[in-house]
Amino acid sequence: MKRGLDGPAPEERPTPAGRRNKQGIRIDPEVEATHQPRRTVISALVEHEPGVLSDVSGLFSRRQFNIESLTVGPTDDAELARITLVVEETDPGIDQVKKQLRKLVPVISVRELAPDAMRRELALIKVDAERPDQVAAVADMYGATTVDSSPETATFEVTGARQKIDAAIDTFSQFGIREISRTGMTALARGTDETTGPSPADASVSAADEANQYTETADDD
Amino acid sequence: MSERAASVTPTEADEQDDDQEQITDSAAPDAAADTGPAETTDSESAPVTTGAEAVIRALENAGVEYAFGVQGGAIMPVYDALYDSEIYHVTMAHEQGAAHAADAYGIVSGEPGICLATSGPGATNLVTGIADADMDSDPMVALTGQVPTEFVGNDAFQETDTTGVTTPVTKDNTFASDSDRVGTDVSEAFALAREGRPGPTLVDLPKDITNGETDAEPDAPTTPDTYQVQERADPEIVAEAAERIENSARPALLLGGGVIKGEASEVCREFAIEHEIPVVTTMPGLGAFPEDHELSMEMAGMHGTGYANMAITHCDTLIAVGTRFDDRLTGGIETFAPDAEVIHVDIDPAEISKNIHADYPLVGDADTAVSQLAEAVDSSPEATKWRAQCQQWKSDYSMAYDAPDDAPVQPEFVVEALDEATSDEAIVTTGVGQHQMWACQYWTFTEPRTWVSSHGLGAMGYGLPSAIGARLAADDDQEVICVDGDGSFLMTLQGLSVAVREELDITVAVLNNEYIGMVRQWQDAFFEGRHAASDYGWMPEFDKLAEAFGAQGFRIDDYDEVADTIEAAVDYDGPSVIDVHIDPEANVYPMVPSGGDNGQFALTEDQL
Ligand SMILES: Cc1ncc(C[n+]2csc(CCOP(=O)(O)OP(=O)(O)O)c2C)c(N)n1
Ligand SMILES: [Mg+2]
């Protein structure tokens, strides 16, 4: 018996001219447009309850979103916590990150911060204290404060933008770094611009138009 | 039997003793005085006294009629409260079955199905069914017992981090931590399962919380403030989309499962018919549009009809409603409806432009948003040529199959005969594999909520337990037919004990090819016919197995037995199983290989 169905074979069928790229966007096949990933800061206001952090981190691993850092801490409202995420994704990817985050029930609002937002990290840097004068000079240069010192070690705290901390670590390394501990980034919007939209309806989630690039200016205000 | 009931492990027994002590400790005399016997007999109005009672009260307040589950140590307080309730509990043979039954109940009724399980293995056994509901956005509430709070984190007997395990496969879950609040936790879970894009929710119930004393009546089922659903689509985009539709030369409607869940079948039908737009459905969208209508192109995707895939590939405007553009539907993204501007209606903003870019994103409830569109479209598109083309494709790529008398019974014929023997309202459930695809292709679906299957997860074993859940949600005059595969049936056939005990009128037709047929088909096409672990070689006699369970067993080997046997099985008032010995070499066509071009579907193996 005959197996299968009748009909024109694949090569006998008309085929459309168009194509889509991997993100499902219709493209001109001649000039395939692909989105480049960019780094951006996303701030989420969440209910301060157990499980939220694992909800958020699980979401990122499950959906293969590229995340560089995640910090969480309380806010002025005891019921709420703020999570600051640094992600590196294409524009459609960033849009997905925001929407998927917003979908988690304990998440109240999600916002991508403007490029001029205030961004800070903190690092504890423990170095050999063999050349105390030189170490102190470097610390001074980066505005680092001494947190601890012993006959053999000195530990400094540096805060600032990521580039500043990278540079500080780089410079301290000449003395021999024993240990480092860095936080991820925490951030707030500038001036009257609010990091959290006033209403949980958060218009910024749908406003994918914030295509403003987060440029890595070592702004240190 | 008594032996099993008595064989409680020492730990479990100890734990129960502990709890008993707690109850006697806390059930102070004044509480007993409050609730006199006269009041307690009236379960409607008797105030709650424990967390467990609050849990059940929350379900009662939500209008729950059925629950599916299996007893066990940590969930015992909840069952004890259920004992006095009007809610009818169906004891399942396996928790996976409880979850699938609840899932199917949710699909058919539109209201969340409820499943219960104890901690540890009970909860982990539910996971397949919860994951299935999550993939298919089916409303479901799972209530799991948990070890007492003070033991949590100590690897106690039957302790599993259930909220941890289920976080990726639930819409939301909660670890109950307060007896005064646990009823409201359940109310909220119920509301969340149902509202917006439906899905499974879970409340993990530590035994001390359910045993704990409380007089807190649960709040009415409402979603938390942080949960927001946009009902109406943006009117500006609606207007733009309407204009696009009016000016379209090759429009197509793609109706997904969201149309059925959003009760939008009616408005979609009217819209399609008024503007004469050809209609394609996804697999979960089966029943959203009558397949016997001229405009119906039936199902698209991997095993969709050739004409549906041609229509979707060549349209210039795709009005997609309630679909998440799963890869089994789209095939390769590059070649999916590549000339089409996409109007995407979905209640979940995260589905917009997730897989396929939406040129007109319409976030909103399907019924509301399609009504808005219908209102905004003033003139029908001029698409006479396109419609003629679609009709031409329907004849070019007809689903007519070869079924010579001297060959073994062809499965398509059996599906058609089952469809013939039942009403338009009959409900079809399936396992996963070739038989599932034949059911999609050869059953003519005309009504929403009559197709119950495991789409996104593709879980073998779904068929029988989902038929049990569907039966309890369906009207009495709706037949419930499970089109199963031999392999899929084997995974959950212990559910027959439930169907017999509960006297459920369902008919299971096992399309028996003694193969893991779908795998065998792929091996023939892509692995040089090397049948690694796909040939069962031996199968029990399902008709006799059915009889052993107390169900009615039937068997079909030849064409001339098909009609009569099906009639007898469908007529039988109770569970029946037909072991249908089909052509083991039968394959499912058309087929778009994974990631392939929908328009290049294969009609025969050599086209793959
Ligand atoms: C739980 C589970 N395990 C494995 C698979 C992979 N799988 C997909 S179809 C299939 C064969 C199913 O056999 P059967 O139920 O007899 O259906 P047939 O294809 O023969 O109609 C298998 C093993 C699955 N989908 N689900
Ligand atoms: Mg089989």
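What are the residues in segment B:373-397 that are farther than 15 Å from B:L295 by Cα and within 13 Å of another protein chain (Cβ to nearest Cβ), if any?
Across segment B:373-397, the qualifying residues are B:D396, B:Y397.
Going through segment B:312-335 one residue at a time, which ones are more than 12 Å from every other protein chain (Cβ to nearest Cβ) and of a type in the set (G, A, S)?
B:G322
Taking segment B:154-174 as the search range and keeping residues that are under 15 Å from B:A74 (Cα atoms) and out of contact with any Leu (no Cβ under 9 Å at 6 or more places or on another chain), which one is surrounded by the fewest Cβ atoms within 10 Å (Cβ to Cβ)?
My answer is B:D155.
Could you tell me which of the residues B:E412, B:E425 is more than 11 Å from ligand 1 (Cβ to nearest atom), farther than 19 Å from B:F68 by Cα and in contact with a Ser or Thr (Cβ under 9 Å, 6 or more places away or on another chain)?
On inspection, the qualifying residue turns out to be B:E425.
Report yes if B:P251 is in contact (Cβ under 8 Å) with a residue 40 or more places away in the chain, farther than 30 Å from A:E12 by Cα and buried (at least 23 other Cβ atoms within 10 Å of the Cβ), otherwise no.
For B:P251, the condition - in contact (Cβ under 8 Å) with a residue 40 or more places away in the chain, farther than 30 Å from A:E12 by Cα and buried (at least 23 other Cβ atoms within 10 Å of the Cβ) - is not met.
From A:L45, A:L59, A:L70, which residue is without any contact (Cβ under 8 Å) to a residue 60 or more places away in the chain and either facing another protein chain (nearest Cβ under 7 Å) or hydrophobic (A, V, I, L, M, F, W, C) (or both)?
Residue meeting the stated conditions: A:L59.
Only one of these is assigned to a loop (DSSP other than H, G, I, E, B) and surrounded by 24 or more Cβ atoms within 10 Å (Cβ to Cβ): B:G461, B:G456. Name it.
Every option except B:G461 fails the conditions.
Quick one: what pairs do we get from segment B:581-608, first residue more than 10 Å from chain A (Cβ to nearest Cβ), second in a loop (DSSP other than H, G, I, E, B) and charged (D, E, K, R), C-beta under 7 Å, 6+ apart or different chains?
The qualifying pairs are B:H581/B:D557; B:P584/B:E514.
Out of B:T446, B:T368, which single residue is part of a loop (DSSP other than H, G, I, E, B), of a type in the set (V, I, T) and either open to solvent by 30 Å² or more (accessible area, probe 1.4 Å) or not assigned by TED's automatic domain parsing to the domain that holds B:M283 (or both)?
Every option except B:T446 fails the conditions.
Looking at B:G595, B:G537, which one is open to solvent by 40 Å² or more (accessible area, probe 1.4 Å), within 16 Å of ligand 1 (Cβ to nearest atom) and at positive phi?
So the residue among B:G595, B:G537 that is open to solvent by 40 Å² or more (accessible area, probe 1.4 Å), within 16 Å of ligand 1 (Cβ to nearest atom) and at positive phi is B:G537.
Taking segment B:495-513 as the region of interest, how many residues are farther than 19 Å from B:E605 by Cα and within 13 Å of ligand 2 (Cβ to nearest atom)?
Here the count works out to 4.
For segment B:514-530, what are the residues that are away from ligand 2 (no atom under 16 Å from the Cβ) and either touching a residue at least 12 places away in the same chain (Cβ under 8 Å) or in contact with a Ser or Thr (Cβ under 8 Å, 6 or more places away or on another chain) (or both)?
Selection gives B:A525, B:F526.
Looking for whichever is within 16 Å of the chain's Cα centre (by Cα) and modelled with pLDDT of 95 or more here; the options are A:I125, A:I83. Which one fits?
Only one candidate passes the filter, namely A:I83.
Determine whether B:A400 is within 14 Å of chain A (Cβ to nearest Cβ), of a type in the set (A, V, I, L, M, F, W, C) and either within 16 Å of ligand 1 (Cβ to nearest atom) or not in a helix (DSSP H, G or I) (or both).
Answer is yes for this residue.
Scan segment B:481-500 and tell me whether some residue there is of a type outside the set (D, E, K, R), in a loop (DSSP other than H, G, I, E, B), away from chain A (no Cβ under 14 Å) and more than 9 Å from ligand 1 (Cβ to nearest atom).
For segment B:481-500, residues of a type outside the set (D, E, K, R), in a loop (DSSP other than H, G, I, E, B), away from chain A (no Cβ under 14 Å) and more than 9 Å from ligand 1 (Cβ to nearest atom): absent.
How do the pairs read when you match residues in segment B:491-513 that are touching a residue at least 60 places away in the same chain (Cβ under 8 Å) and β-branched (V, I, T) with residues anywhere that are in a loop (DSSP other than H, G, I, E, B) and within 16 Å of ligand 2 (Cβ to nearest atom), using Cβ under 8 Å and keeping only pairs 6 or more apart or on different chains?
B:T492/B:G461; B:T492/B:Y462
Which residue pairs have Cβ atoms under 9 Å apart, sit 6 or more places apart or on different chains, and have a first residue in segment B:551-573 that is of a type in the set (F, W, Y) and a second that is assigned to a helix (DSSP H, G or I) and open to solvent by 70 Å² or more (accessible area, probe 1.4 Å)?
Hits for this filter: B:Y559/B:F413.
So which residues in segment B:109-136 are open to solvent by less than 20 Å² (accessible area, probe 1.4 Å) and either assigned to a helix (DSSP H, G or I) or small (G, A, S) (or both)?
Within segment B:109-136, B:G113, B:A117, B:S119, B:G120, B:G122, B:A123, B:L126, B:G129, B:I130, B:A131, B:D132, B:A133 meet the criteria.
All but one of (1) within 14 Å of chain A (Cβ to nearest Cβ); (2) more than 15 Å from ligand 1 (Cβ to nearest atom) hold for B:Y442, so report the exception by its number.
(2)
Taking B:A252 as meeting all but one of (1) part of a loop (DSSP other than H, G, I, E, B); (2) under 29 Å from B:S453 (Cα atoms); (3) of a type outside the set (F, W, Y), write down the number of the exception.
Status for B:A252: all satisfied but (1).
Inspect all residues belonging to segment B:336-358 and state whether any of them is touching a Pro at 6+ places or on another chain (Cβ under 8 Å), within 14 Å of chain A (Cβ to nearest Cβ), of a type in the set (V, I, T) and touching a residue at least 24 places away in the same chain (Cβ under 8 Å).
The answer is no; no qualifying residue exists.
Working carefully through the options B:A473, B:A417, find the one that is more than 16 Å from ligand 1 (Cβ to nearest atom), open to solvent by 10 Å² or more (accessible area, probe 1.4 Å) and within 19 Å of B:I130 (Cα to Cα).
So the residue among B:A473, B:A417 that is more than 16 Å from ligand 1 (Cβ to nearest atom), open to solvent by 10 Å² or more (accessible area, probe 1.4 Å) and within 19 Å of B:I130 (Cα to Cα) is B:A473.
Yes or no, residue by residue, for (1) in a loop (DSSP other than H, G, I, E, B); (2) closer than 20 Å to A:R102 by Cβ:
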position	(1), (2)
B:E150	no, no
B:P168	no, yes
B:G183	no, no
B:A191	no, yes
B:V203	no, no
B:D225	yes, yes
B:Q228	yes, yes
B:E231	yes, yes
B:A239	no, no
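Within the bounds of segment B:511-532, is there any residue that is modelled with pLDDT of 95 or more, within 15 Å of ligand 1 (Cβ to nearest atom), of a type in the set (A, V, I, L, M) and under 23 Å from B:P575 (Cβ atoms)?
yes
Which residues, taken from segment B:317-334, are open to solvent by less than 20 Å² (accessible area, probe 1.4 Å) and over 20 Å from B:A233 (Cα atoms)?
Correct list: B:L329, B:T330, B:G331, B:G332.
Can you find, within segment B:261-284, the residue that is surrounded by the fewest Cβ atoms within 10 Å (Cβ to Cβ) among those that are more than 22 Å from B:E246 (Cβ to Cβ) and either of a type outside the set (D, E) or in the same structural domain as B:G196 (by TED's automatic domain parsing) (or both)?
B:S265
Looking at this structure, is B:D564 within 13 Å of ligand 2 (Cβ to nearest atom) and over 19 Å from B:L464 (Cβ atoms)?
no
The values are calculated or read from the model by the stated rules, or taken from the named source; none is laboratory data. All of these numbers come straight from a predicted model, not from anything done at the bench. Every residue, glycine as well, gets a Cβ built from its backbone with ideal geometry; the counts of neighbours run over all protein chains shown. We work out accessible area using only protein heavy atoms, side chains counted, and drop any ligands, DNA or RNA first. Shrake-Rupley method; radii C 1.70, N 1.55, O 1.52, S 1.80 Å.
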